[in-house]
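The values are calculated or read from the model by the stated rules, or taken from the named source; none is laboratory data. Keep in mind the model is a prediction, meaning the values are calculated, not measured. Backbone-built Cβ (ideal geometry, glycine too); neighbour counts: all protein chains shown. Ligands, DNA and RNA are excluded from the accessible area calculation, which covers all protein heavy atoms including side chains. Shrake-Rupley method; radii C 1.70, N 1.55, O 1.52, S 1.80 Å.
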Amino acid sequence: MASLSDLCSSSPSLKPKHNQITKFTPLLRKDSLTFSTLSNSNSKLVATHSVAREISADLSKTNSVGVLKKAKQGGLEKDPKALWRRYVDWLYQHKELGLYLDVSRIGFSDEFVVEMEPRFQATFKAMEELEKGAIANPDEGRMVGHYWLRNAKLAPNSFLRVQIENTLDAVCKFADDVISGKIKPPSSPEGRFTQILSVGIGGSALGPQFVAEALAPDNPPLKIRFIDNTDPAGIDHQIAQLGSELASTLVIVISKSGGTPETRNGLLEVQKAFREAGLDFAKQGVAITQENSLLDNTARIEGWVARFPMFDWVGGRTSEMSAGIDIREMLVGASMMDDTTRSKVLRNNPAALLALCWYWASDGVGSKDMVVLPYKDSLLLFSRYLQQLVMESLGKEFDLDGNRVNQGITVYGNKGSTDQHAYIQQLREGVHNFFVTFIEVLRDRPPGHDWELEPGVTCGDYLFGMLQGTRSALYANDRESVTVTVQDVTPRSVGALIAFYERAVGIYASLININAYHQPGVEAGKKAAGEVLALQKRVLAVLNEAR
């Protein structure tokens, strides 16, 4: 049986009763710590044009990987007192955001940290240049500016800053006008919009779906549905569920390029449903896309209710902070996290710590999968969101120097404690090809709404016990894990989580010398699908002529 110190040594605090969140003492955080073990020979930085350009394509030949292999032979720290000291030493906490990162159950050594320090310093420099407007997506010749969306003052020129600020103001005003009924459908008996139907795929769906699921109130002013595929039955189901409320449904069509086939198909199907119901789609349609795209021009010509821009320097998978949702508080949380993840001191930068853990756990080559387990129902879709963010960003065949590296980290997940009855059996005793990310939420219910199932025990206590027990059981069998803790699921904390992982992906990509901001494999699939459809049309033409 695990000891108390072992059971709770990688949680910010013991679970507080009745949702009273325990405050950390300043003694647990060593904000002033830096790498005291660094020698002078390690203080010089490598060239900063791209951190991993200094890394051989054959990762097995690098010194840090040698240190990694040597250190891993020692196994994980199992002594409860030593594990507690490791927890205290490496715990990251952001008091204002109420976010904590515990990496004590990832077994990286001090030697490994020292060996990786020059690479991280070069990566920090590369990220700094990215935020200043450097071309960080060389394959497409684009800047990468999703960080500017949460702080427009960081945009490299005044034109972009004004564009971002005006778009955010326009989105928020539009949302307020829809909710208040100032903007309303022309033929709805309710006299206001009651439903939202979001049409999009990939980053234009997964991010909004996650945010909507995480932050939706019990009785939202507008309920939201998604068409995120080109499956006819799935589209029919969503439209049928709307029923007579189609007349009071605001349809938001999201496509950065404006020509994504699946999104176009969903739009055409929805427009058909509107025609059959005798409704004017243009009076209920909103487009979120790049200016002058096919979708933007269509919406302009047909006179849709509204059009909002997406920018070519924001990828779909990093566009949650752009137009589409009233997210001022999310932007505040993301901006606060961005400020923190600009730190050049590894211990004070949670995204860098997370990237360090990924590199250690997967040997820098994606040798292990990332299992994401949020112990909160409202965060169920976080694992799906991370699946796209991480795998589409890091899953690349070639590095920035043209070497074939076949990089990536596989991501999958469920939710706690449902996972207890799904695949924890294999995680503990089966093939050891993964590391785990636990997501912990300290607040169970709003204050004053909890009750005890039995004396001294609430339903949330059981959930907390399952998380602690699962983590302890996995660690006892040498399964490594990271734990991310937030006090509550709020717009601010969700924005912080998104920004946290976006930065971690960018840092890790720089460490392994790949372009995280394009997706040639996705484009290849689209091209192949187009060729199949073109062949089908030719075959049908021949068959029709032969009749």
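Taking the stretch 153-174 as the range and being buried (at least 18 other Cβ atoms within 10 Å of the Cβ) and either within 24 Å of ALA496 (Cα to Cα) or modelled with pLDDT of 95 or more (or both) as the test, the residues that pass are LEU154, ALA155, LEU160, ILE164, THR167, LEU168, VAL171. For beta carbons closer than 8 Å, sequence separation of 6+ or different chains, a first residue in the stretch 327-339 that is on the phi < 0 side of the Ramachandran plot and surrounded by fewer than 23 Cβ atoms within 10 Å (Cβ to Cβ) and a second that is modelled with pLDDT under 95 and of a type in the set (A, V, I, L, M), the qualifying pairs are ARG328/LEU168; LEU331/LEU149; LEU331/LEU168; LEU331/MET321. Assess whether GLY495 counts as being assigned to a helix (DSSP H, G or I) and closer than 30 Å to GLU117 by Cβ. It is true that GLY495 is assigned to a helix (DSSP H, G or I) and closer than 30 Å to GLU117 by Cβ. Of all residues in the stretch 505-525, those satisfying the criterion of being modelled with pLDDT of 95 or more, farther than 15 Å from VAL144 by Cα and not polar (S, T, N, Q) are TYR508, LEU511, ILE512. Please determine whether any residue of the stretch 468-477 is under 19 Å from the mean Cα position of the chain (by Cα) and not aromatic (Phe, Trp, Tyr). No; the residues of the stretch 468-477 include none that is under 19 Å from the mean Cα position of the chain (by Cα) and not aromatic (Phe, Trp, Tyr). Of the strands (runs of 3 or more DSSP E) lying entirely inside the stretch 205-299, the ones with 2 or more residues being among the hydrophobic types (A, V, I, L, M, F, W, C) and open to solvent by 10 Å² or more (accessible area, probe 1.4 Å) are found at 223-227, 249-254. Within the stretch 444-454, being surrounded by fewer than 16 Cβ atoms within 10 Å (Cβ to Cβ) and either among the acidic types (Asp, Glu) or part of a strand (DSSP E or B) (or both) holds for GLU452, LEU453, GLU454. Cβ-Cβ below 8 Å, separation at least six or inter-chain, first residue in the stretch 141-158 and more than 21 Å from SER510 (Cα to Cα), second assigned to a helix (DSSP H, G or I) and basic (Lys, Arg): which pairs? These pairs meet every condition: ALA152/ARG161; LYS153/ARG161; ALA155/ARG161. Exactly one residue among ILE252, ILE227 is of a type in the set (Val, Ile, Thr) and within 23 Å of GLY181 (Cα to Cα), and that residue is ILE252. Of the residues PHE500, PHE464, which is among the aromatic types (Phe, Trp, Tyr), closer than 27 Å to THR341 by Cα and either in contact with a helix residue (DSSP H, G or I) (Cβ under 6 Å, 6 or more places away or on another chain) or open to solvent by 10 Å² or more (accessible area, probe 1.4 Å) (or both)? Exactly one residue qualifies, and that residue is PHE500. TYR375 passes every criterion in (1) open to solvent by less than 30 Å² (accessible area, probe 1.4 Å); (2) aromatic (Phe, Trp, Tyr); (3) over 14 Å from PHE438 (Cα atoms) apart from (3).
To keep it simple, each residue is scored yes or no on (1) within 30 Å of ARG428 (Cα to Cα); (2) in contact with a Ser or Thr (Cβ under 7 Å, 6 or more places away or on another chain); (3) loosely packed, with under 11 Cβ neighbours inside 10 Å.
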site	(1), (2), (3)
GLY460	yes, no, no
LEU474	yes, yes, no
THR483	yes, yes, no
GLY495	no, no, no
ALA516	no, yes, no
GLN536	no, no, yes
GLU545	no, no, yes
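If you go through the stretch 356-406 and keep only what is assigned to a helix (DSSP H, G or I), closer than 21 Å to GLN420 by Cβ and charged (D, E, K, R), you end up with ASP377, ARG384. When you look at GLU111, is it in contact with a helix residue (DSSP H, G or I) (Cβ under 9 Å, 6 or more places away or on another chain), modelled with pLDDT of 95 or more, open to solvent by 10 Å² or more (accessible area, probe 1.4 Å) and more than 22 Å from ASP338 (Cα to Cα), yes or no? Yes. When we screen VAL441, VAL431 for residues that are β-branched (Val, Ile, Thr) and open to solvent by 20 Å² or more (accessible area, probe 1.4 Å), the only hit is VAL431. For the stretch 381-427, the tally of residues that are within 28 Å of GLY465 (Cα to Cα), open to solvent by less than 40 Å² (accessible area, probe 1.4 Å) and either among the polar types (S, T, N, Q) or within 18 Å of the chain's Cα centre (by Cα) (or both) stands at 9.
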